[in-house]
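All of the numbers you see were taken from the coordinates with simple rules; none came from a lab. All figures in this text were calculated on a predicted structure; none of them were measured in a lab. Cβ atoms come from the backbone with ideal geometry, glycine included; neighbour counts cover every protein chain shown.
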There are 2 protein chains.
Amino acid sequence: MSGVPIGEAARVSGVKVPTIRYYEEVGLLPEPPRTAGNRRFYDEARLRRLTFIRHARELGFEVGAIRTLLDLQDNPGQSCSPADSIARQRLLDVVARIDRLKALQTELERMIAGCSHGTIATCRVIEVLTDHGRCAHPSH
Amino acid sequence: MSGVPIGEAARVSGVKVPTIRYYEEVGLLPEPPRTAGNRRFYDEARLRRLTFIRHARELGFEVGAIRTLLDLQDNPGQSCSPADSIARQRLLDVVARIDRLKALQTELERMIAGCSHGTIATCRVIEVLTDHGRCAHPSH
DNA sequence: CCTACATTCTCCAGCGACTAGAGGAGCAAG
DNA sequence: CTTGCTCCTCTAGTCGCTGGAGAATGTAGG
């Protein structure tokens with residue numbers, strides 16, 4: 001009984017229609033039942049799973065990691081340490097990326113601040129990219 | 001005259017061999033002369049261009065933006081304001097991404113801190129992903 | 001019942017920026 | 001001459017979608 005079609009599922013979950021089909025294709029979302037006219041119908045449980053996926057993607061978990069997290073969710077008696085370590089790994093990635101981006105931010109600000117708005121010949125932005133020695137960034 | 005083969009170009013520029021060929025294919029790097037045996041040979045100017053590209057990629061500029069920056073570099077009499085605005089746009093992207101990642105960091109830390117290392121049934125990580133209401137993150 | 005329109009279906013192609021592999025040719029040293 | 005390295009081209013795969021074509025199905029009004 002009941003359920004909603006894919007467009008409605010997209011609306012309530014915030015996941016676009018083709019993306020929902022894509023998640024089904026890659027095995028994140030189980031194949032839903034179809035109507036007589038071959039249309040997918042999503043029940044509550046599937047909509048919840050879809051929201052789980054969306055939320056996890058927003059936090060930057062990869063599809064592979066989400067698959068594992070969903071498997072874990074399906075077996076609630078297990079230890080949560082795999083879930084914990086996936087989240088910790090993700091946190092490490094995020095922190096590393098923030099550090100990297102902050103260094104880029106500093107470098108970009110230096111480049112831009114040094115720009116005297118003249119011609120390319122004296123442009124600090126081009127200069128820094130051309131001549132590595134002028135770059136304050138140590139890691140490259 | 002002369003120059004170095006692609007492997008050496010890769011070594012000195014820090015760009016991998018297939019990536020150098022890729023840059024040639026997409027028109028970032030002009031086609032270098034070849035030896036009798038059809039091998040690419042890179043002179044100083046090309047190596048400098050390659051390093052420019054690598055540096056720009058490390059700062060996260062897209063290939064399209066780099067193409068523009070290279071064009072500008074080739075015409076040093078022009079105003080540097082396009083270069084400046086590309087860099088400024090990039091800076092905005094970087095800052096926005098940092099903000100986003102910081103919010104993720106907070107959320108992940110909350111998830112992990114709340115994990116009592118029991119079973120999935122009581123796992124805070126899974127719980128937050130499942131039940132959106134427990135998420136402190138306002139933007140999703 | 002007919003028509004118009006919206007929604008959904010499947011399949012296939014493309015994005016960006018590479019990366020990997022097959023299968024072959026060139027080249028330098030022992 | 002053979003070994004082993006580098007290089008060549010070409011194709012296809014990666015990730016996570018996104019878009020389009022062309023057909024079928026569902027719904028609301030007349």
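Starting from segment A:75-91, keep only residues that are without any contact (Cβ under 8 Å) to a residue 60 or more places away in the chain, then list their pairs with residues that are surrounded by fewer than 16 Cβ atoms within 10 Å (Cβ to Cβ) and of a type in the set (A, V, I, L, M, F, W, C) whose Cβ atoms are within a distance under 6 Å, requiring at least 6 positions of separation or different chains.
A:76/B:121
May I ask you to say which residue of B:90, B:21 is in contact with a helix residue (DSSP H, G or I) (Cβ under 8 Å, 6 or more places away or on another chain), closer than 30 Å to residue A:56 by Cα and either within 12 Å of DNA strand C (Cβ to nearest atom) or not polar (S, T, N, Q) (or both)?
It is B:90.
Considering only segment A:36-59, state which residues are within 12 Å of DNA strand C (Cβ to nearest atom) and among the aromatic types (Phe, Trp, Tyr).
The first filter runs over segment A:36-59 and keeps only residues within 12 Å of DNA strand C (Cβ to nearest atom), leaving A:36-42.
Listed by number, the residues that qualify are A:41, A:42.
Inside segment B:62-111, can you point out the residues that are more than 7 Å from chain A (Cβ to nearest Cβ), closer than 14 Å to residue A:112 by Cα and touching a Ser or Thr at 6+ places or on another chain (Cβ under 9 Å)?
If the condition is that a residue be more than 7 Å from chain A (Cβ to nearest Cβ), closer than 14 Å to residue A:112 by Cα and touching a Ser or Thr at 6+ places or on another chain (Cβ under 9 Å), then B:82, B:86 are the ones that fit.
Each row is one residue, and each column tells you yes or no for (1) within 14 Å of chain B (Cβ to nearest Cβ); (2) touching a Leu at 6+ places or on another chain (Cβ under 7 Å); (3) more than 8 Å from DNA strand C (Cβ to nearest atom); (4) not aromatic (Phe, Trp, Tyr).
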residue: A:8; (1), (2), (3), (4): no, no, no, yes
residue: A:12; (1), (2), (3), (4): yes, yes, yes, yes
residue: A:26; (1), (2), (3), (4): no, no, yes, yes
residue: A:29; (1), (2), (3), (4): no, yes, yes, yes
residue: A:34; (1), (2), (3), (4): no, no, no, yes
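Applying the selection to segment B:36-51, what residues are away from chain A (no Cβ under 14 Å) and away from DNA strand D (no atom under 12 Å from the Cβ)? Outline the logic, then answer.
Restricting attention to segment B:36-51, the residues satisfying the condition of being away from chain A (no Cβ under 14 Å) are B:36-43.
Once the filter is applied, which keeps residues that are away from chain A (no Cβ under 14 Å) and away from DNA strand D (no atom under 12 Å from the Cβ), segment B:36-51 yields only B:43.
Could you tell me whether residue A:3 is touching a His at 6+ places or on another chain (Cβ under 9 Å), more than 9 Å from DNA strand D (Cβ to nearest atom) and of a type outside the set (Lys, Arg)?
On the way: touching a His at 6+ places or on another chain (Cβ under 9 Å): no; more than 9 Å from DNA strand D (Cβ to nearest atom): yes; of a type outside the set (Lys, Arg): yes.
Answer is no for this residue.
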